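Participant: Got a structure here, written out as structure tokens. Questions coming.
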Amino acid sequence: MKPKRILVIQGHPDHCQTHFGHALSNTYAKAASEHGHEIRSLCLASVDFPLLRSRHDWEEGSIPESLVSAQEDIYWAQHIALFFPLWLGGMPALLKGFLEQVARPGFAFKNVKDSALPAKLLAGRSARLVVTMGMPALVYRWYYRAHSIKAMERNILGFIGINPVYETLIGTVEGMSEDQRERWLRKLAALGAKAA
């Protein structure tokens, strides 16, 4: 298998303590590196940036200096592994704010004259979403239809050309036994090794 350039984004907003999601992302990155893939990592909790507050800022404003390297890493990557907890049924606000900042016109997409659809400037990249949650993953997938994850795949990542997008939903995190945690860590190591 040809080595890939992988950007691992840890989207948990809590910078005061580590969570199971941190162990998952660290395991994925370590296994990928050990199997010859080139890794860059970004922990959003350690990055300070403002929220966008107007369409004008999004379209015409400049990206915050603290996120310039994040855009460079996204452009560099062939595969993006994005780890985050499910909060109130969706991604945490910090992650949404980050995506709004980096996925700007001219970088992530470009309007095309006489076309209703923009050009997808980040095409050719794949992604994996690894989402931890308190509820059972099957409940989220089948009862709630994984609505926020599907919207993220279609309306954000798909809109800018990132495809395919794979998902790993990990439920009942607080109630897991050590054996269950170890099984998940082994699964993420296998995914990292394959850059999947």
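The values are calculated or read from the model by the stated rules, or taken from the named source; none is laboratory data. These numbers were taken from a predicted model, which means no experiment stands behind them. Neighbour counts run over all protein chains shown; Cβ positions are idealised from the backbone, glycine included.
Participant: Report, ordered by the first and then the second residue, all pairs with beta carbons closer than 7 Å, sequence separation of six or more or different chains, a first member in the range 90-106 that is under 19 Å from Ala127 (Cα atoms) and free of Cβ contacts under 8 Å to residues at least 12 places away in the same chain, and a second member that is among the aliphatic types (A, V, I, L, M) and surrounded by fewer than 18 Cβ atoms within 10 Å (Cβ to Cβ).
Facilitator: Listed by first residue and then by second, the contacts come to nothing, as the list is empty.
Let's see how each residue does on (1) surrounded by 20 or more Cβ atoms within 10 Å (Cβ to Cβ); (2) of a type in the set (Gly, Ala, Ser); (3) modelled with pLDDT under 95; (4) within 18 Å of Leu82 (Cα to Cα):
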| residue | (1), (2), (3), (4) |
| --- | --- |
| Gly124 | no, yes, no, yes |
| Leu129 | yes, no, no, yes |
| Gly161 | no, yes, no, yes |
| Glu167 | no, no, no, yes |
| Glu182 | no, no, no, no |
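Participant: Related question: Considering only the range 184-196, state which residues are more than 19 Å from Ala77 (Cα to Cα) and surrounded by fewer than 16 Cβ atoms within 10 Å (Cβ to Cβ).
Facilitator: Arg186, Ala190
Participant: Hey, does the range 135-153 have a residue that's modelled with pLDDT of 95 or more and not in a helix (DSSP H, G or I)?
Facilitator: yes
Rundown of residues vs (1) farther than 15 Å from Gly11 by Cα; (2) within 13 Å of the chain's Cα centre (by Cα); (3) surrounded by 15 or more Cβ atoms within 10 Å (Cβ to Cβ), yes/no style:
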| position | (1), (2), (3) |
| --- | --- |
| Phe83 | no, yes, yes |
| Val102 | no, yes, yes |
| Lys110 | yes, no, no |
| Asp114 | yes, no, no |
| Pro136 | yes, no, no |
| Ala146 | yes, no, yes |
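Participant: Separate question: How many of the residues making up the range 184-196 are touching a residue at least 40 places away in the same chain (Cβ under 8 Å) and under 20 Å from Leu86 (Cα atoms)? Step through it out loud before you land on a result.
Facilitator: Let us first name the residues in the range 184-196 that are touching a residue at least 40 places away in the same chain (Cβ under 8 Å), namely 184-185, 188-196.
Those still in the list that are under 20 Å from Leu86 (Cα atoms) too: 184-185, 188.
Here the count works out to 3.
Every residue, every condition in (1) within 16 Å of the chain's Cα centre (by Cα); (2) assigned to a strand (DSSP E or B); (3) modelled with pLDDT of 95 or more; (4) over 20 Å from Phe98 (Cβ atoms), yes or no:
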{"position": "His12", "(1), (2), (3), (4)": "yes, no, yes, no"}
{"position": "Cys16", "(1), (2), (3), (4)": "no, no, no, no"}
{"position": "Thr27", "(1), (2), (3), (4)": "yes, no, yes, yes"}
{"position": "Ser33", "(1), (2), (3), (4)": "no, no, yes, yes"}
{"position": "Ser41", "(1), (2), (3), (4)": "yes, yes, yes, no"}
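Participant: Kindly provide the set of residues from the range 56-79 that are under 22 Å from Arg125 (Cβ atoms) and of a type in the set (D, E, K, R), ordered by number.
Facilitator: Hits for the range 56-79 are Glu72, Asp73.
Participant: Exactly one of these conditions fails for Ile156: (1) at pLDDT 95 or above; (2) farther than 19 Å from Ile39 by Cα; (3) buried (at least 19 other Cβ atoms within 10 Å of the Cβ); (4) in contact with a helix residue (DSSP H, G or I) (Cβ under 9 Å, 6 or more places away or on another chain). Give me its number.
Facilitator: Exception for Ile156: condition (3).
Participant: Being modelled with pLDDT of 95 or more, more than 14 Å from Ala108 (Cβ to Cβ) and either exposed (fewer than 14 other Cβ atoms within 10 Å of the Cβ) or among the polar types (S, T, N, Q) (or both) is the filter here; which residues of the range 57-75 pass it?
Facilitator: Result: Glu65, Ser66, Val68, Ser69.
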